[in-house]
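Take a look at the structure below.
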Amino acid sequence: MMEKSRRCFLKVAGIAAIGLGAAPAMNFAASDSHGSAAAEKAKSPDALHAERWGMAIIVKKLNDKIAKQITHACHTQHNVPDFTHEVDTQAFPNTRAVNHKQEIKWIWKEKFHYAFPDKEDEFLNEKFHHLPFMVTCNHCKNAPCVQACPTQATFKREDGIVVMDYHRCIGCRFCMAACPYGSRSFNFRDPRPFIAETDPDFPTRSKGVVEKCNLCAERLAKGEQPHCVEASEGAIVVGDLEDPESDVRKLLKEHYSIRRKQSLGTEPSVYYIV
Amino acid sequence: MTKNMIMGGLAVFVLAVLSPFWFNMVTTTQAAPEPELLGPAKQAKKCVLETYDMRANHMSLLDEWRDAVVRDADRIYVAANGNFFNMSLSTGENSCLGCHADKAKFCDSCHTYTSVDPYCWDCHTNPKEIE
Amino acid sequence: MLEIAVKGNRNYWMWIIFLLIVIGIGKIAYLDQFFNGLMITGMSRDVSWGFYIANFTFLVGVAAGGVMVVIPYYLHDYEKFHRITILGEFLAVASLVMCLLFIIVDLGQPVRMLNVLLYPSPKSMLFYDMLVLNGYLFLNIVIGWKVLEAERNQVKPPAWTKPLIYLSIPFAIGIHTVTAYLYCGLPGRGFWLTAILAPRFLASAFAAGPAFLIILCYIIRKFTKFDPGWEAMQTLSKIVCYAVIANLFFFLCEVFVVYYSGIPGHKTHLQYLLFGYHGYNALVPWMWSGFILMAVGAVFLVIPKLRTNYILLPVACAMVFIGAWIDKGLGMISGGFVPSPLHHVTEYAPTGQEIVITLGVYATGFLVLTILYKLATQVKEEVGG
Ligand code: SF4
Ligand code: SF4
C-alpha cells in the first residue's frame, strides 16, 4: 500500500528522476520470459498475525535476575551495542573513548517512580520500590514518534507495531523528542566495535540512525515469540489486543493493569499487571 | 577576446572535464571482473531473475525487497520462475549470501571495480566474517 | 551586481579572510563529525538535541525579525525605513542560510537529507518547517536582489515583486510559528507543551532581529559612507523595546501558570532552569543572566533619554540580543529535555568541537551577510552620492 501511494505521489509531483528509478523495478515480473506467473511477495505461512499487537508484563513474576535475562536476550540478539564492552583494538583500531550518556537500549529495568513518574506516591506500597519495571517501546496506538518523523522512517504497521526503517532514517531525532517514554536511542557512533558477538540473524545499525524495540517483528514473521517473552519465565505475554480470546486479553480481563502516562492519549500497547 | 582564445579555452575545459576517463585509460589495465558463482549458487540453476536483469537491476530489486520486508512485513519472494526466496541479504539459506557463499567474489569484486560503495554492509553482516 | 563584492579595501578583505579561516576550521571539525558520528557532541540519549538545534531556533527568530522593517515600510509606507528594508531582508537571508546549515550539521545521516522530499510526511511539523524556511529564503533573495538592482538602475522595482513582498510577511510569521510548533506539539515534553510558545518565540524574534539590525547599522555607519538614518534606528529601537517587554511578559505568564498550577510535569523543567533540580544547576546562572540582560535592556530602551543616547543604544541592543540568545539558545532546548520523560536528570553542555562547528556555521552566515551588505551599502552610496 505504502509503496503504491508513494509512487502515485511521486508521479503526480513529477519528480521525473525518481519515477525513472522506480520504473525498471516495477517491470521485474514482466521481464522474465520463462516464468508463467508474475513475481509475488508473501508472508511465511508460519507468521503470527494480530490486529494489534500488545504486551502484558506481570510485574510480580519479575525479579532482578529475570530482568537481566530479558535485556540480555533482546540486546544480544538484536545486536544492540554495549558500551561497557571492551573493544577489540585489533579489529577496531582508534576507537575513541565512550560517552556513556550516549547509550543504546531497547528494553531495560526502571524503578517504579521512573517508569511511572506521574504515579509517584509518598506512601506507595513498599514492594513497588523494589520491583523491576521493564520498560520498552509501547507501540502506542497514537504514536507521537510516527507523527513527528519527517521521512516515515518511523511508521506504524497494519498490525500495530511501530517499526523503524533504518535505511530511511536521516537521524534528525525528532522522534526522540516526540516520544514521551524515552524509548528511543540514537546511534551517536558506529555501534559495531561494541557488539561482543554479532548475531547473524539480525543486522546491526549504522551510525546516525535512531533505533528502538521492534517487538521482534522478525521473529513474529517466522512464527516465533519475541525474545523477551522467551527469556521472561512467563512474566511477559505478547498477543493480539483486539482478540478477546488472546492470552493478553484474558490476563487483562482478570487483573488490574496500568499503562505508562495514560493521560497523554498515546494509548500504549504495553500493560503492566501489578 | 578572440574567437581562437574562446575555442582554445573550451577545448581545455572539455579535456579537463573528461579527465577521469583519461586517467582511467592510462592507469587501468584490469578487465572487468566476472562475479564468481560459488557455494550452493553453483548448483542452483536459477536465480531470482535472469542474469542480464540481475546485473542491470539488482539494486532496484533489493530496494523493492527492503521496502517489502521492512514496511509490509512480506519476507518471501515468489519469483516469476516459480522459485522461492527469502528476501534478505544475509539471513538464512535462501537469502542472497545464503546461496552466493562468497561475498568478496560475488558482490565486492564488481563493486570495487566500478567504485561503488553501497552502504548495505554498514548494517547487514556477512555471515562469513562473523565466524 | 556581484562584481561589487570583489572590490573592497584592506579591512574588507581582512575580515573576509578571517571568516574564511573560521569556516575552514569549522569544516575540518565537521568532517570529523561526518565520519565519526555525533558522538563528538555533548548530546546524549536523554538530551538528544543540543547546541545546533538551539542556534537554529534562535536564528529562525533573527530571520523572522527582518519582517519588522518590511511591514512598516511596505504596509504602512513608513518612508524612514526605505533605507534599511534591504538590510532587514538580507539579514533574513544570511540567518536562513545559517538555519539550514545548522539543520544539516545536526543530522545523523546528512546524505539522506532528501528523504524529506522523497517521502513527504504531511503530519510531521519538520516537513512544513522545511517548506516555509526554504520559501522564505527564496522570497527574500528574490525580493532583496530585485529591489536593490532597481535602485541601482534608478528605476522602480518590477511590479511582480510587490505580491512577493506581501507574501513574505506571512512567511516570516510562519517560519517562527512552525518552528515553535516543532516543540509545542509534543505530548510528553511539559516545558514546551504550551500554546504561548509560538507567540513567545515571535516576541523574542522581533526583539532579537531588530536589535541586531541596529547594531549592524552602527557598524555600517562606521565602515561605509552609507547612513541608514538615525530616525529609522530610533523607530527600530522602539520595536525592540516593546517586543522584548512582550517576551518577558509571556515568560512571566508561563512562570505563573507553571508555578501556580504546580503540575510537576511542567514545573520540574522551569525549576531546573531557574533554581536547579536535585542538585543539577548548570544552567541557572545562564538563565538568570539572560533575563536580567533582557530586563535591563528593556528599561534602557523604554526610557526616552537613554534610548536616544548614541552610546547607550547599541549597548542596550546587545543586552537584548544576548539575553534572547541565552533564553532561546541555551534554555529553550535543554530545558525541554531536562529532566527526561522518566525524570532522570542528564545535563547537557556542548563540547569544544561542537562549538567550533557552530562557529563555522556562524562564520558562513556572516560571510553571506558581509557580501550582501557590501552590495547594499555600495549601491546606496552610489545612488545617494
Ligand atoms: S513508546 Fe515512544 S517510540 Fe514507542 S511508539 Fe510510543 S512514542 Fe513511539
Ligand atoms: S531520526 Fe529518523 S526515525 Fe526519527 S524522526 Fe528523524 S528520520 Fe524519523
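Laboratory data are not the source of any read-out in this text; all were calculated from the coordinates shown. This is a predicted model, so every value here is computed, not measured. Neighbour counts run over all protein chains shown; Cβ positions are idealised from the backbone, glycine included.
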Just to verify a number: FRET efficiency for C:Lys123 and C:Arg221, C-beta to C-beta distance, R0 = 30 Å, to 0.05?
0.05
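Just the number, please: Stokes-Einstein D of chain C in µm²/s, Kirkwood Rh from C-alpha pairs, 4 °C, 1.567 mPa s. Each step should come with its number before you reach the end.
Values: Rh = 21.6 Å.
For these conditions, the coefficient is 60 µm²/s.
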In whole angstrom, note down how far apart the Cα centers of the range A:131-185 and the range C:277-343 are.
35
Please state, as a whole number in µm²/s, the translational diffusion coefficient that the Stokes-Einstein equation yields for the range A:68-120 at 10 °C and 1.306 mPa s, with Rh defined as the Kirkwood radius across alpha carbon pairs.
118
Taking every residue of C:116-129, the Cβ atoms of other protein chains inside 10 Å of its Cβ average out to 6
Cα shape, the range C:214-346, gyration tensor, a/c 1.5 rule
prolate
Which value, in Å³ per residue, describes the convex hull spanned by the Cα atoms of chain A?
182
Gaussian network model of chain C, Cα within-10 Å springs - most flexible of C:Tyr218, C:Tyr272, C:Tyr260:
C:Tyr260
Compactness of the range A:118-274, expressed as Rg and Dmax over alpha-carbon positions, Å
16.9, 48
Looking at C:Gln109, C:Ile303, C:His278, which one has the Cα that reaches farthest to the positive end of the dipole of the protein assembly as shown (charges on Cβ: Lys, Arg +1; Asp, Glu -1)?
C:Ile303
Which listed pairs, of A:Lys60/A:Lys261; A:Lys60/A:Lys250; A:Lys222/B:Lys46, have C-alpha distances above 22 Å, in listed order:
A:Lys222/B:Lys46
What base-10 log of the normalised intensity I(q)/I(0) is obtained for the range B:52-131 from the Debye formula, alpha carbons as equal point scatterers, at q = 0.13, 0.16, 0.19, 0.21 Å⁻¹?
-0.42, -0.65, -0.93, -1.14
If you place +1 on the Cβ of every Lys and Arg and -1 on the Cβ of every Asp and Glu, how big does the dipole about the Cα centre of the range A:90-241 come out, in debye to the nearest 20?
700
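Taking a quarter of the surface of the Cα convex hull of the range C:10-61, what do you get in nm²? Don't jump to the answer; show the numbers that get you there.
Details: hull surface 19.6 nm².
Spelled out: convex hull of the Cα atoms, projected over all directions, averaged, 4.9 nm².
Please give the peptides C:1-12, A:218-229, C:332-343 ranked by average Cβ packing (other Cβ atoms within 10 Å per residue), highest first, as a rough proxy for protection.
Working: C:1-12: 11.2, A:218-229: 19.1, C:332-343: 22.6.
Packing proxy ranking, top to bottom: C:332-343, A:218-229, C:1-12.
In the range A:200-274, which chymotrypsin sites (Phe, Trp or Tyr not before Pro) fall in coil by DSSP and have 12 or fewer other Cβ atoms within 10 Å?
When the chymotrypsin sites (Phe, Trp or Tyr not before Pro) of the range A:200-274 are filtered for loop state and at most 12 Cβ neighbours within 10 Å, A:Tyr256 remain.
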How high is the relative contact order of chain C? Use alpha-carbon pairs under 8 Å, at least six apart in sequence, and give a whole percent.
29
So what's the projected area for the protein assembly as shown, the Cα convex hull averaged over all directions, in nm²?
41.2
For the range C:196-259 the trypsin sites (Lys or Arg not before Pro) that pass both the DSSP coil test and the at-most-15 other-Cβ-within-10 Å test are C:Lys225
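What number in nm² do you get for the range C:167-237 if you take the convex hull of its Cα atoms and divide its surface by four? Mind dumping the intermediate values first?
Details: hull surface 24.9 nm².
Projected area, direction-averaged: 6.2 nm².
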If the limit is 30 Å between Cα atoms, which of C:Lys123/C:Lys328; A:Lys156/B:Lys42; A:Lys111/C:Lys267; C:Lys328/C:Lys380; C:Lys80/C:Lys146; A:Lys109/C:Lys123 go over it?
A:Lys156/B:Lys42; C:Lys328/C:Lys380; A:Lys109/C:Lys123
Work out how far the C-alpha atoms of the range A:87-199 reach from end to end along every principal axis, then list the three figures in whole Å, largest first.
53, 34, 24
Within 10 Å of the Cβ of an average residue in A:178-185, the count of other chain Cβ atoms is 5
Once normalised by the length of chain A, the mean sequence separation of its alpha carbon contacts under 8 Å that are 6 or more apart gives a contact order in percent of 29
All aspartates and glutamates inside 17 Å of C:Lys162 as judged from Cα atoms, apart from same-chain residues fewer than 8 positions distant:
C:Asp77, C:Glu79, C:Glu89, C:Glu149, C:Glu151
Taking every residue of A:139-148, the Cβ atoms of other protein chains inside 10 Å of its Cβ average out to 3
